[in-house]
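The values are calculated or read from the model by the stated rules, or taken from the named source; none is laboratory data. Fair warning: this is a prediction, and the values are worked out from it, not measured in the lab. Reconstructed Cβ throughout: ideal geometry from the backbone, glycine too, with neighbour counts over all protein chains shown. For the accessible areas, the whole protein counts, side chains as well, though only heavy atoms, and no ligand, DNA or RNA atoms are used. Shrake-Rupley method; radii C 1.70, N 1.55, O 1.52, S 1.80 Å.
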Amino acid sequence: MKKDNKGLWLIRLLSFFFAILLFYNANSISLNNDDNGFTELSATAEKVPVNVTYNQDKYFISGFDQTVNVDLKSSNKILLDKESNSETRSFSVVMDLTKYGEGTHEVPLQLTGLPTAIKGTIKPSKLTVTIEKKKSNKFPVEPAIDNKIFTSGYELEKATVDPASVTISGGEDSIKHVSKVIAGISDKTDVSTDFSQKVKVYAVDEKGEALNVNIEPHTVRVDVNVTAPTKEVKVVPVQSGVIPKGIKDYSFSLEQSKVHITGPKDILDEINSIDLKIDTTNIRETLSSSYVVVVPKEVKVSPETVFVTVTPNKETSDSSTTKREKSTTSKDSDKISDSSKK
């Protein structure tokens with residue numbers, strides 16, 4: 001009996017084991033069928049940079065697109081979104097030039113770091129690249145300032161560049177064709193004062209066409225000095241204030257009778273001379289002093305002050321007698337006029 005019981009329990013255990021095995025197998029097939037039913041999604045990673053591997057000390061490369069597009073396919077949407085985003089992607093596109101020499105070549109591109117759950121296709125799959133022997137030279141930088149940026153009447157006085165020279169690296173043929181290196185400014189308007197600006201540097205050939213070369217540093221500081229319209233005008237002394245008793249008038253002696261004025265052309269055109277007002281209220285004796293030359297706020301003047309000697313001309317006895325005679329005559333005339341009315 002004991003043997004029969006043991007056999008019965010063994011059969012029951014085996015049956016339970018096979019039931020579990022069959023259940024797992026059935027569900028595994030069902031899951032596989034569900035996986036096969038997933039929809040394959042697609043996305044495009046745009047403007048993926050092309051990483052180039054080559055001997056940078058020996059060669060200079062040019063003539064190829066810096067970016068490409070990569071078509072991505074996967075049934076995992078989260079992973080697909082991650083790899084199509086430039087900020088989160090883990091893969092890169094590589095162009096390996098280590099086995100290529102000087103000349104123009106069509107080189108296949110490779111994907112590295114792409115998750116196995118994603119399929120990627122590079123478009124285009126090949127790039128044409130030119131490999132040249134590398135050469136480097138130093139060139140002076142010339143400032144190129146467009147005259148159209150200045151306010152009417154204003155013009156460039158001088159422009160300086162810092163640093164004054166840059167190092168250009170490129171293919172031997174490109175370096176030979178460098179005519180000049182320019183730091184140009186043309187993106188400003190109505191300039192009437194000095195200014196400084198960081199400017200990108202570029203190299204051009206004799207035709208003025210930009211060359212494909214590396215420039216270090218690629219930006220420089222350009223300091224621009226502006227000159228405004230200037231003219232010379234006469235300074236005219238004008239008495240102002242009260243003339244003290246006993247003083248007939250004044251004589252003015254200017255150390256400098258002319259000044260230079262600078263400013264907008266339309267304002268300067270209206271100025272032919274400048275009145276220099278001299279307050280004589282308290283001047284009874286000869287006095288020398290500096291007086292401010294007053295001009296419109298848009299205008300600058302040089303010098304800003306003029307040294308003037310003011311000499312009072314005192315009344316003489318003759319002039320006093322004349323004044324009294326005139327006064328008496330005036331009174332007599334008034335009396336005659338009054339008697340005639342009577």
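Of all residues being within 41 Å of the chain's Cα centre (by Cα) and hydrophobic (A, V, I, L, M, F, W, C) in the range 280-329, which is modelled with the lowest pLDDT? Just the residue, please.
Step one: filter the range 280-329 for residues within 41 Å of the chain's Cα centre (by Cα), giving 292-305.
When the remaining residues are screened for being hydrophobic (A, V, I, L, M, F, W, C), the result is 292-295, 299, 301.
Values: 292: 96, 293: 96, 294: 95, 295: 95, 299: 91, 301: 95.
Filtering the range 280-329 for residues that are within 41 Å of the chain's Cα centre (by Cα) and hydrophobic (A, V, I, L, M, F, W, C), the one modelled with the lowest pLDDT comes out as 299.
Within the range 265-303, the set of residues being acidic (Asp, Glu) and either closer than 18 Å to residue 252 by Cα or surrounded by 14 or more Cβ atoms within 10 Å (Cβ to Cβ) (or both) comprises 275, 279, 285.
To keep it simple, each residue is scored yes or no on (1) out of contact with any Pro (no Cβ under 9 Å at 6 or more places or on another chain); (2) open to solvent by less than 70 Å² (accessible area, probe 1.4 Å).
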site: 131; (1), (2): yes, yes
site: 168; (1), (2): yes, yes
site: 180; (1), (2): no, no
site: 199; (1), (2): no, yes
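Is it the case that the range 117-131 has a residue that's over 30 Å from residue 90 (Cβ atoms) and at pLDDT below 95? Explain how you work it out, then say what you get.
Let us first name the residues in the range 117-131 that are over 30 Å from residue 90 (Cβ atoms), namely 130.
Pick out the ones that are also at pLDDT below 95 and you get 130.
Checked against the condition, which is being over 30 Å from residue 90 (Cβ atoms) and at pLDDT below 95, the range 117-131 yields at least one hit.
For beta carbons closer than 9 Å, sequence separation of 6+ or different chains, a first residue in the range 151-180 that is among the acidic types (Asp, Glu) and a second that is assigned to a loop (DSSP other than H, G, I, E, B) and crowded, with 17+ Cβ neighbours inside 10 Å, the qualifying pairs are 155/228; 155/229. Would you confirm, using the coordinates I've provided, whether residue 202 is among the aromatic types (Phe, Trp, Tyr) and under 30 Å from residue 258 (Cα atoms)? Answer is no for this residue. In the set (1) under 30 Å from residue 278 (Cβ atoms); (2) aliphatic (A, V, I, L, M); (3) touching a residue at least 40 places away in the same chain (Cβ under 8 Å), the condition left unmet by residue 243 is number (3).
In the set (1) touching a Ser or Thr at 6+ places or on another chain (Cβ under 7 Å); (2) modelled with pLDDT under 95, the condition left unmet by residue 200 is number (2). Just to be sure before I move on: is residue 88 β-branched (Val, Ile, Thr), part of a loop (DSSP other than H, G, I, E, B) and open to solvent by 70 Å² or more (accessible area, probe 1.4 Å) in the structure I sent? No; evaluated as a whole, the condition is false for this residue. Go through the range 59-85 and give me each residue that's under 24 Å from residue 171 (Cα atoms) and assigned to a loop (DSSP other than H, G, I, E, B). Selection gives 63, 64, 65, 66. Could we say that residue 106 is in a strand (DSSP E or B), closer than 25 Å to residue 63 by Cα and open to solvent by 40 Å² or more (accessible area, probe 1.4 Å) here? Criteria met by residue 106. Candidates are the residues of the range 205-238 that are assigned to a loop (DSSP other than H, G, I, E, B), of a type in the set (A, V, I, L, M) and closer than 29 Å to residue 134 by Cα; the one that is most open to solvent (accessible area, probe 1.4 Å) is 211.
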